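Student: Dropping a structure here in structure tokens format, bear with me for questions.
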Amino acid sequence: MHVLLPRREVVVPRADDYVIAFFDYLAGFEEAAALFSKLAVLGEAKWLKHDHLIATVQGDYGKRYVDQRLRLPLIWSSGC
């Protein structure tokens, strides 16, 4: 069994809380101001982060997971 799989019982029900905490933390950085000024990009970034967080603890690291990992940096850079 993959080491992250037991964590899904904790992570999945609280994924929204973790994503909010992550973006609250990120908001404190001047470098992230551009991302927070573009609401559509910010919304997509939050959705992708949520989806990625859940995928991380599901244990399936196939094409969909890799696509998420590649798409998130594109969102970060388009927001900046």
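Student: List the pairs whose first member sits in the stretch 19-30 and is at positive phi, whose second member is surrounded by 15 or more Cβ atoms within 10 Å (Cβ to Cβ) and part of a helix (DSSP H, G or I), and whose Cβ atoms are under 8 Å apart, counting only residues at least 6 apart or on separate chains?
Tutor: Partner pairs satisfying both residue conditions: none exist.
Student: A further question on this structure: Consider the stretch 8-48. How many of its residues are over 18 Å from S77 (Cα atoms), surrounded by fewer than 15 Cβ atoms within 10 Å (Cβ to Cβ) and of a type in the set (D, E, K, R)?
Tutor: Residues flagged as over 18 Å from S77 (Cα atoms), surrounded by fewer than 15 Cβ atoms within 10 Å (Cβ to Cβ) and of a type in the set (D, E, K, R) within the stretch 8-48 amount to 5.
Student: Which residues, taken from the stretch 38-80, are free of Cβ contacts under 8 Å to residues at least 24 places away in the same chain and of a type in the set (S, T, Y)?
Tutor: Hits for the stretch 38-80 are Y61, Y65, S77.
Student: Only one of V19, V57 is among the β-branched types (V, I, T) and modelled with pLDDT of 90 or more. Can you tell me which?
Tutor: V19
The values are calculated or read from the model by the stated rules, or taken from the named source; none is laboratory data. Here the structure is a predicted model, which is why all the values come from computation and not from measurement. So basically every Cβ, Gly included, is an ideal-geometry build from the backbone, and we count neighbours across all protein chains shown.
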